[in-house]
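Here's the structure we're looking at; comments come further down.
The values are calculated or read from the model by the stated rules, or taken from the named source; none is laboratory data. Everything quoted here is computed from the prediction, not taken from an experiment. Cβ sites come from the backbone with ideal geometry, for glycine too, and all protein chains shown count toward neighbours.
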Amino acid sequence: MPLALVDVAIIGAGLSGLTCANILQRAGLQVVVIEKSRGYGGRAATKRIGTSATSSERADHGLRFLKRARNTAESRYSCEDALQAQLTDRLVKQGVLTSWPAQVQHFRKTGVTTVLKDGDPDVQLYVAPEGANSIGKALALNTNVWLDQRLVRMRGSGNFVDPWQLELESTIENSVYPQRLSARSVVFSCPPEQSAEILRRGANAASKSTLEALDGVKYDKCIAAMCAIADSDSLPRELASFQCASFESHPLLAWAQLESSKRRQKHAVLTVHSSAQFGEEHFDNIEALPAAGETLLQTALRHLGVTDTDASFKRVARDRLVAHRWKYAFVRKPYSGGSFLSDELDASLVFCGDWCRAASEADKPATLPSKSNVDAAHDTEHAGFALASGQDAANHVLCRLQQPKPSL
């Protein structure tokens, strides 16, 4: 196939990469997004859970919801909050998101508190009735995304004049995309560990300091478990009003949610995220993953007051339980040098994602200030950091691309 030439190649079609692509395309640049999986949105992900031989239900097993501060003009709200509000408003107008008047229970060592409730004066929650992956689909609309394509290696010095040479491989047969790509700038929005691995395969692709910065970022692993525990009209009494919960310093659990509280479904699907400790202990044992998932679900049910948890599982076949591994679930040690990273020797090589933080943000939990003390919904704050990082990376590229394009 002939060599494709673009202004910017973006590696990864998560929230950060798609945000960056949207801005660059609106500025008139030729952009291609390379995504190794078959879908958009990264951790804004949805699975289909089989409830019978012929039916299935949706379960959001990554990003639970988006938050919108009601007045982001106040000084206590950050750029990340404002961007999340802008995205929420845009997706509400498109019919992708709808408000979710949920109660979020927070299980603390000192007892259970409700940290978000219907009518909260500061914050409103939003969910996607068609599944969280519809957020990525909306962002990818009219964007040139090459799915099922993996960047193998890259070489050359971009300098915004001499293009980077990218070598791709398809993860499926009979791909229609070129296996070679030339780009004036490359933006990595995939996890830093993956970026560093790709760059080390190339010749002088990144400076030593850039690789050290990427190596310094650390993520916590997580296991997500999903299962239809009952028909929606025959929920255990203890779950009749349950919607969402988080667990503070629990050895097994991080959060749990009832999918049927977010969208109309015949079956009540419970989704649970593990703690980092449980994720680390069970991540590599793939054969035991279903058992780990069942442990998480039964533990969550007990915390929610369901006494006969085994009976809940007998309502559906255990083989319909689904467990998913997230290797890069939540940022434990971020990059503190700013909202994006550019190579010190070649500014056309850029990195963005929820792992990029300003120095003032890197040493404190990502929380949206509010009277509700919302410190349980850290996945939504990571979404805010991803959006801000993608925006700032795009602005950096636009600023630098005030040079002549290379001749073909």
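When restricted to residues that are under 15 Å from ALA268 (Cα atoms), at pLDDT below 85 and of a type in the set (Val, Ile, Thr), segment 307-348 contains 2. Being within 30 Å of GLY337 (Cα to Cα) and surrounded by fewer than 19 Cβ atoms within 10 Å (Cβ to Cβ) holds for only one residue in SER209, SER241, and it is SER209.
Which residues, taken from segment 188-206, are part of a helix (DSSP H, G or I), polar (S, T, N, Q) and surrounded by fewer than 22 Cβ atoms within 10 Å (Cβ to Cβ)? Result: GLN194, single match. Pick from SER134, SER157: which is at pLDDT below 90 and outside any strand (DSSP E or B)? Only one candidate qualifies: SER157.
Of note, CYS227 satisfies the criterion of being closer than 30 Å to ARG58 by Cβ and in a strand (DSSP E or B).
In summary, SER185 fulfils each of the numbered conditions (1) among the polar types (S, T, N, Q); (2) crowded, with 18+ Cβ neighbours inside 10 Å; (3) farther than 23 Å from CYS20 by Cα with the single exception of condition (3).
Condition test on GLN84, is it touching a helix residue (DSSP H, G or I) at 6+ places or on another chain (Cβ under 6 Å), outside any loop (DSSP other than H, G, I, E, B) and modelled with pLDDT of 80 or more? It is true that GLN84 is touching a helix residue (DSSP H, G or I) at 6+ places or on another chain (Cβ under 6 Å), outside any loop (DSSP other than H, G, I, E, B) and modelled with pLDDT of 80 or more.
Does any residue of segment 363-381 turn out to be within 15 Å of TYR335 (Cα to Cα) and modelled with pLDDT of 55 or more? Among the residues of segment 363-381, not one is within 15 Å of TYR335 (Cα to Cα) and modelled with pLDDT of 55 or more, which makes the answer no. Scanning segment 11-65 for residues that are more than 23 Å from PHE330 (Cα to Cα), hydroxyl-bearing (Ser, Thr, Tyr) and either in contact with a helix residue (DSSP H, G or I) (Cβ under 7 Å, 6 or more places away or on another chain) or in a helix (DSSP H, G or I) (or both) gives a single hit, THR51. Listed by first and then second residue, the pairs linking a residue in segment 15-35 that is of a type in the set (S, T, N, Q) to a residue that is assigned to a loop (DSSP other than H, G, I, E, B), with Cβ atoms under 7 Å apart and 6 or more places separating them unless they lie on different chains, are SER16/SER189; SER16/CYS352; SER16/GLY353; SER16/ASP354; ASN22/THR143; GLN25/THR143. Scanning segment 207-224 for residues that are part of a strand (DSSP E or B) and touching a helix residue (DSSP H, G or I) at 6+ places or on another chain (Cβ under 6 Å) gives ASP220, LYS221, CYS222, ILE223.
Of the residues making up segment 248-268, those that are modelled with pLDDT of 90 or more and in a strand (DSSP E or B) are LEU253, ALA254, TRP255, ALA256, GLN257, LEU258. Contact map, segment 236-249: residues that are in contact (Cβ under 8 Å) with a residue 24 or more places away in the chain paired with residues that are part of a helix (DSSP H, G or I), Cβ distance under 6 Å, separation 6+ or inter-chain. Pairs shown: GLN243/SER261.
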